[in-house]
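Worksheet: one structure, shown below.
The values are calculated or read from the model by the stated rules, or taken from the named source; none is laboratory data. Remember, predicted model here, so these are calculated numbers, not experimental data. In this analysis, Cβ positions are derived from the backbone assuming ideal geometry, glycine residues included, and neighbour counts consider all displayed protein chains.
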Amino acid sequence: MTELAHPAVHAVNLHRRFPHPSGAVSVLRGLELRVSRGELVTVSGRSGSGKSSLLALLCGFDSPDSGTVLLDGEPMNGAPSWHTCAVLPQALGLATELTVAENVALPLRLRPDLRLGAPAIAARVRELLTGLGIGELAERYPLEVSFGQQQRVALARAVSGRPAVLLVDEPTAHLDAGSTPAVLRMLRGCADEGAALIVATHDDAVHRIADRRVALRDGVLTDT
């Protein structure tokens with residue numbers, strides 16, 4: 001784990017409330033979180049505790065009622081670029097008109113700064129799909145594969161551009177036991193290569209590969 005001057009992600013006093021017929025419900029209450037590059041942190045908590053809400057705030061999909069999210073020491077202003085902060089959400093958001101391979105290649109094609117040619121992009125896509133055990137699905141479309149396979153495609157898409165921060169929501173929820181180890185290896189490998197990972201999960205297998213585990217209870221995070 002690499003320690004730099006600023007954490008890759010720093011949530012400062014986050015508050016988030018949602019309307020309810022009986023009055024606003026506070027999901028996050030002054031939440032604090034620091035995650036360094038090269039660190040994999042898992043977040044546990046019962047369903048409805050706010051794990052997905054937290055990830056949405058950290059990637060700019062939602063805005064806090066108060067508090068700040070800092071990325072590498074700078075306040076986040078809207079959703080950051082995909083190579084800065086990539087997301088594997090529960091609603092996978094794959095482009096159904098693109099093949100599996102084209103979905104995974106998309107973040108690379110949208111980054112002209114990488115100056116990757118078609119052969120290099122194809123090699124990266126092949127590496128990721130093979131590593132996740134779905135290399136044979138490259139030319140299929142998302143709706144032609146199972147939801148568990150779609151989840152692995154979305155993970156490959158999220159990591160393809162080697163983002164500085166990776167936010168992952170329940171990455172093994174729809175996987176069978178045989179598929180889970182490859183996902184765990186990829187998550188751990190991303191952290192070992194220097195990314196900061198925050199993974200919301202109920203799965204003890206995911207918690208076991210973490211550098212640190214925190215629990216979301218009553219709107220705040222506590223170490224476990």
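Scanning region 27-73 for residues that are free of Cβ contacts under 8 Å to residues at least 60 places away in the same chain and assigned to a strand (DSSP E or B) yields a count of 4. Residues in region 122-144 that are of a type in the set (A, V, I, L, M) and either modelled with pLDDT under 95 or under 12 Å from residue 179 (Cβ atoms) (or both): 132, 134.
Could you please find all residues in region 214-224 being touching a residue at least 40 places away in the same chain (Cβ under 8 Å) and surrounded by fewer than 19 Cβ atoms within 10 Å (Cβ to Cβ)? Of everything in region 214-224, those that are touching a residue at least 40 places away in the same chain (Cβ under 8 Å) and surrounded by fewer than 19 Cβ atoms within 10 Å (Cβ to Cβ) turn out to be 215, 217, 218, 220, 224. For beta carbons closer than 7 Å, sequence separation of 6+ or different chains, a first residue in region 118-133 that is in contact (Cβ under 8 Å) with a residue 24 or more places away in the chain and outside any helix (DSSP H, G or I) and a second that is surrounded by 15 or more Cβ atoms within 10 Å (Cβ to Cβ) and among the aliphatic types (A, V, I, L, M), the qualifying pairs are 132/155; 132/156; 132/182; 132/183; 132/186; 133/182.
Restricting attention to region 1-55, the residues that are more than 18 Å from the chain's Cα centre (by Cα), surrounded by 15 or more Cβ atoms within 10 Å (Cβ to Cβ) and aliphatic (A, V, I, L, M) total 5. If you go through region 66-77 and keep only what is loosely packed, with under 15 Cβ neighbours inside 10 Å and in contact with a strand residue (DSSP E or B) (Cβ under 6 Å, 6 or more places away or on another chain), you end up with 66, 68, 75. Can you go through 120, 138, 156, 205 and tell me which one is of a type in the set (Gly, Ala, Ser) and crowded, with 21+ Cβ neighbours inside 10 Å? Answer to the selection: 156. No other residue among 156, 173 is in contact (Cβ under 8 Å) with a residue 40 or more places away in the chain, in a loop (DSSP other than H, G, I, E, B) and closer than 17 Å to residue 92 by Cα apart from 173. Checking 154, 182 one by one, the residue that is modelled with pLDDT of 95 or more and closer than 27 Å to residue 14 by Cβ is 154 and no other.
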